Amino acid sequence: MSKPKLSGGMLVFLGALFWSLNSPLVKFLSLDSVFICGLRSVIAAITLLPFLRPKKLKFSPWMLVYLVSYAALCLSVIFSLKLTSAPIAVGMQYTSLVWIFIIELIATRVFNKRQFIPILIILAGTVIFMCSGTDSSSSLGNAVALSEGIFFTLMTISIKKAAGDNPVGLVALANVFTALVVFLVFPSSLSVIPEMTVTDWVIMIILGSVQVGGGYTLYTMGTQKTTPQKASIISLWEVILGPVWVALFLGEYPSVTVIIGFVIILVGIVLHSLADTKKSAELKEKSNI
């Protein structure tokens, strides 16, 4: 009996689910954010190291694009969290929807109205979500946060071309690369290790092995089976689920503005799914003619 295989969309959703653990877990930590970024990559790399298998990796310029964009995304999120409000720092990553749509429009020269309208709705919800934290924002922080969308786009587009037959190994290599970059550029961040408590270590192990290692592995595997645009839209569940876990486990509830943003994002996701379903049905019907 063959084992049931998860669809690309479900794998991406599970990846977003794992990513959403970041918000409640990081709130328990008082460690330097750059150190958190580096250490969780070290833990993720150790967890995934048995799957590295260099011979199955596809070494190419696309792999370099993936590694650099992965590390840059991790660092830009950390820096934007320090320089501007959390909703902006998290939400800006998903402006990748615009970049991916523009790239596909240039590549195919076909304007897809069915996809464009849901994307506009999702972006409207994301903007409203980000507006909930403008009080503590700064121009520099917002600029850094804006770069997240570019890095997330590059990472998502390069995955299919870079993963080859070993997407898990690619994630392992990306975390090795990220850890090296972080601790070579910011070696002083390692000084906090002696001050870490048992609770700090437990949370960091969960962040590294599950939130980063598991999340990016599932996302990378999912993107092998779906389009970059669809993967970016499904991964928006991270934005929705993160505050939900914070509310459930920490008792910190989102503002009305954030809830409105969530609802609009959900509407956009549903409309995009319906458009995809209708498009698939039309293609199936044409193939049967």
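Any read-out appearing in this document is the output of simple, stated calculations on the displayed coordinates, not a laboratory observation. Quick caveat: nothing in here was measured; it's all calculated off a predicted structure. So basically every Cβ, Gly included, is an ideal-geometry build from the backbone, and we count neighbours across all protein chains shown.
The residue that is surrounded by the most Cβ atoms within 10 Å (Cβ to Cβ), counting only those in region 1-47 that are closer than 20 Å to Pro228 by Cα and of a type in the set (Gly, Ala, Ser), is Gly15.
Of the residues making up region 1-54, those that are more than 27 Å from Ser80 (Cα to Cα) and small (Gly, Ala, Ser) are Ser2, Ser7, Gly8, Gly9. For region 1-11, the condition holds for at least one residue, the condition being that it is small (Gly, Ala, Ser) and free of Cβ contacts under 8 Å to residues at least 12 places away in the same chain.
Is it the case that some residue within region 30-47 is among the hydrophobic types (A, V, I, L, M, F, W, C), part of a loop (DSSP other than H, G, I, E, B) and closer than 30 Å to Ser273 by Cβ? Scanning region 30-47 turns up no residue that is among the hydrophobic types (A, V, I, L, M, F, W, C), part of a loop (DSSP other than H, G, I, E, B) and closer than 30 Å to Ser273 by Cβ. Please determine whether any residue of region 181-203 is buried (at least 19 other Cβ atoms within 10 Å of the Cβ), in contact with a Lys or Arg (Cβ under 9 Å, 6 or more places away or on another chain), in contact (Cβ under 8 Å) with a residue 60 or more places away in the chain and among the aliphatic types (A, V, I, L, M). Within region 181-203, none of the residues are buried (at least 19 other Cβ atoms within 10 Å of the Cβ), in contact with a Lys or Arg (Cβ under 9 Å, 6 or more places away or on another chain), in contact (Cβ under 8 Å) with a residue 60 or more places away in the chain and among the aliphatic types (A, V, I, L, M). Checking region 244-255 against the condition returns no match, with no residue being hydrophobic (A, V, I, L, M, F, W, C), touching a residue at least 24 places away in the same chain (Cβ under 8 Å), surrounded by 21 or more Cβ atoms within 10 Å (Cβ to Cβ) and at negative phi.
Go through (1) touching a Leu at 6+ places or on another chain (Cβ under 9 Å); (2) within 21 Å of Gln229 (Cα to Cα); (3) β-branched (Val, Ile, Thr) for Ile100 and report which single condition fails. Exception for Ile100: condition (1). Taken as a whole, the condition of being more than 28 Å from Asn166 (Cα to Cα) and assigned to a loop (DSSP other than H, G, I, E, B) does not apply to Val90.
Take Val77 and decide whether it is of a type in the set (A, V, I, L, M, F, W, C), over 13 Å from the mean Cα position of the chain (by Cα) and part of a helix (DSSP H, G or I). Against the criterion (of a type in the set (A, V, I, L, M, F, W, C), over 13 Å from the mean Cα position of the chain (by Cα) and part of a helix (DSSP H, G or I)), Val77 does not qualify.
When residues in region 48-67 are screened for being surrounded by fewer than 22 Cβ atoms within 10 Å (Cβ to Cβ), touching a residue at least 12 places away in the same chain (Cβ under 8 Å) and not in a loop (DSSP other than H, G, I, E, B), 8 of them pass.
Quick one: in region 228-259, of everything that is polar (S, T, N, Q) and outside any helix (DSSP H, G or I), which residue is farthest from the chain's Cα centre (by Cα)? Let's see the steps before the verdict.
Looking only at region 228-259, we keep the residues that are polar (S, T, N, Q), and these are 229, 232, 235, 255, 257.
Checking which are outside any helix (DSSP H, G or I) leaves us with 235, 255.
Details: Ser235: 6, Ser255: 23 Å.
Checked region 228-259; the qualifying residue farthest from the chain's Cα centre (by Cα) is Ser255.
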